[in-house]
1. List every residue pair whose Cβ atoms lie under 9 Å apart, where the two residues are 6 or more positions apart in sequence or sit on different chains, the first residue falls within the range 137-157 and is at positive phi, and the second residue, located anywhere, is surrounded by 10 or more Cβ atoms within 10 Å (Cβ to Cβ) and part of a loop (DSSP other than H, G, I, E, B).
2. Return yes when residue 187 is at pLDDT below 95, in a loop (DSSP other than H, G, I, E, B) and out of contact with any strand residue (DSSP E or B) (no Cβ under 6 Å at 6 or more places or on another chain) and no when it is not.
3. Which of the residues spanning the range 130-151 are more than 15 Å from residue 179 (Cα to Cα) and surrounded by 13 or more Cβ atoms within 10 Å (Cβ to Cβ)?
4. Looking at the range 28-64, which of the residues that are assigned to a loop (DSSP other than H, G, I, E, B) and touching a helix residue (DSSP H, G or I) at 6+ places or on another chain (Cβ under 8 Å) is surrounded by the most Cβ atoms within 10 Å (Cβ to Cβ)?
């Protein structure tokens, strides 16, 4: 299994990423990161607002729904995090009684042609069981414009195992749709080490911010790094 550092070194500009990992200490944690090429994409930070983890501009500016959003929210049963406004939509569905799989259905990729960025979302159980459900609303790698919706349920991750979703596969110049998901390994013993592992694996040219979250404690547990 390819380790996270090697995996991201082969993909210098992964866009945004969602990670579900069991540390060597046994905890199942969530990771979220942002990378950017343009000045507008780099002008972002991860901030806590009560029990919400928000992506917003470093300096006050007009709200852009594709760049500014709630990145992590919680329900009594799930920690929900991802790369766009669908995080709020999925959370609302869960609170209304939808199942994990149903809450991730019917989403669309972002309206940002020609790139057509995937919407990637993770649900981690807050009961300490380590159950995770990952979802992606992805464009076709061909010319078809309809959305491919993927749902992946994870059970029984072993210590050091992780699953990564990214929006892009890119060298920084050309951008393509990323694989649906990638299984990888981490060497971190706890959340602090996992955050440092993610941060160090990201290309300094493009990295913007990263966070690690404990589903039992919720979004307010987020530990963060920023460029």
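1. Close Cβ pairs (under 9 Å, with a partner that is surrounded by 10 or more Cβ atoms within 10 Å (Cβ to Cβ) and part of a loop (DSSP other than H, G, I, E, B)) amount to 156/130.
2. On the way: at pLDDT below 95: no; in a loop (DSSP other than H, G, I, E, B): yes; out of contact with any strand residue (DSSP E or B) (no Cβ under 6 Å at 6 or more places or on another chain): yes.
The answer is no for residue 187.
3. Taking the range 130-151 as the starting set, the residues that turn out to be more than 15 Å from residue 179 (Cα to Cα) are 130-133, 143-146.
Passing the criteria: 130, 131, 132, 133.
4. 36
The values are calculated or read from the model by the stated rules, or taken from the named source; none is laboratory data. Every value quoted in this text rests on a predicted model; they were computed, and no experiment measured them. Using ideal geometry, Cβ is built from the backbone for each residue, glycine included, and neighbour counts are taken over all protein chains shown.
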